[in-house]
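As C-alpha cells, the structure follows; a few thoughts come after it.
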Amino acid sequence: MTGGKREPRTCGYCAYKLEEVFYSRIPLTQKLGARIVYYDGQRLLMQAPLAVHAVSCGSAFVGSVAAILMLCGFGLIQLKLSEIGYGADVMLGRSTLSHEGDVRNDMQAFCELAPGFGLDRFQQAYRRRKMANMHVVGGIECDSQTLVAFDGIYAVRNVCATNKGFLGSLA
C-alpha cells in the first residue's frame, strides 16, 4: 500500500497509514520486508519475501513466520481501534501457531477478528474492567491452503477515546 494518496478514513487510507507508522515506529517491520497488501475493514493481509527469511532447506524461518503473523494481528487491532475512535496500549498476551506445511514462497499473512468476537462485546468488557482482550485468528496461505494457522489474544489497556494511540489522527 505504499505510494499514492488515499482518501482519509477509508480502509485503504488507514492501512496505508498503518504501514507508514510501522516503518517509523517498529523498525523490525522494514527488516522483515513486511508490507501491507490489503485491508477491507475485516481482514488485513501482509506480505514478506521468502528471500529475507529462508533457512538452508529453503523454507521460511519459523521465527519470521511468527513475527509476521503477530505483527499482522497487532496491525488489525490498531485498525479496529482506530475505527471506533480509540487509542490504546496493545500487547500480545497469548498466541499459538499450528504448522501444517513448510512456507516455501513469499509469506502471505492474514488476520481477522475471531468468529463470534464483536467490537461491541469488547467495548462492554472494557467499560467493566478498564481492560479487555481482542481475539484474532489468521495464518500464512499459499495456493489457497493455510500452511500456518495463528490464534492470538491481545490485551488492550489504557483505552481513551481522546488518545490518538499508535496510529495517531487518521483524519
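Quick note: the coordinates plus some simple rules give every number you see, no bench work behind them. Since the structure is predicted, the reported quantities are computational estimates derived from the model, not experimental observations. Neighbour counts are summed over all protein chains in view; Cβ atoms, including those assigned to glycine, are modelled from backbone coordinates with ideal geometry.
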Original post:
If Lys and Arg each add +1 and Asp and Glu each add -1, what is the summed charge of the other residues whose beta carbon sits under 15 Å from the beta carbon of residue 120?
Top reply: +3
Original post:
Among 131, 46, 70, which one shows the biggest mean-square fluctuation in a GNM of the chain, springs joining Cα atoms closer than 10 Å?
Top reply: 131
Original post:
How far is helix 11-25 tilted off the main Cα axis of the chain, in degrees rounded to 10, range 0 to 90?
Top reply: 80 degrees
**OP:** Round to the nearest 10 and give me the degree value, 0 to 90, for the angle of helix 62-83's Cα axis relative to the longest principal axis of the chain.
**Re:** 30 degrees
Original post:
In whole Hz, what ³J(HN,Hα) sequence does the range 29-42 give by Karplus (6.51, -1.76, 1.60; θ = phi - 60°), x for Gly and Pro?
Top reply: 4, 5, 4, 6, x, 6, 9, 7, 9, 7, 8, 10, x, 10
Subject >> Cβ-defined net charge surrounding residue 73, 13 Å radius [Lys, Arg +1; Asp, Glu -1] >> reply: +1
Original post:
What is the extension gain from residue 40 to residue 96, computed as 0.36 nm multiplied by their sequence separation minus the C-alpha to C-alpha distance, in nm to one decimal?
Top reply: 17.7 nm
**OP:** Can you tell me the dipole magnitude for the range 11-160 around its Cα centre, using point charges on the Cβ only (Lys, Arg +1; Asp, Glu -1), in Debye to the nearest 20?
**Re:** 760 debye
Original post:
In whole angstrom, how far apart do the alpha carbon centroids of the range 60-131 and the range 31-49 sit?
Top reply: 12 Å
Subject >> Choice from 24, 64, 82 with maximal GNM fluctuation in the chain (Cα, 10 Å cutoff) >> reply: 24
**OP:** Just the ratio, please: alpha-carbon radius of gyration of the range 70-155 over 2.2 N^0.38 Å, N its number of residues.
**Re:** 1.17
**OP:** Can you bin the range 7-47 into rounded, prolate or oblate? Criterion: square roots of the alpha carbon gyration tensor eigenvalues sorted a ≥ b ≥ c, rounded for a/c under 1.5, prolate for a/b above b/c, oblate for the rest.
**Re:** oblate
Original post:
What residue among 149, 90, 109 has its Cα farthest toward the positive end of the dipole of the chain, where the charges are +1 on Lys, Arg and -1 on Asp, Glu, each on the Cβ?
Top reply: 90
Subject >> Inter-probe distance in nm under a simple model that places probes 7 Å from Cα toward Cβ, at residue 56 and residue 31 >> reply: 2.3 nm
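Which value in deg cm²/dmol, rounded to the nearest 500, describes the helix-derived mean residue ellipticity at 222 nm for the chain, given -39,500 (n - 2.57) per DSSP H run of n ≥ 4 and division by the residue count?
-10000 deg cm²/dmol
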Original post:
For the range 127-140, what does the Karplus curve 6.51 cos²θ - 1.76 cosθ + 1.60, with θ = phi - 60°, yield as ³J(HN,Hα) per residue in whole Hz, taken in order and with x for Gly and Pro?
Top reply: 4, 6, 10, 6, 6, 7, 10, 10, 9, 10, 10, x, x, 10
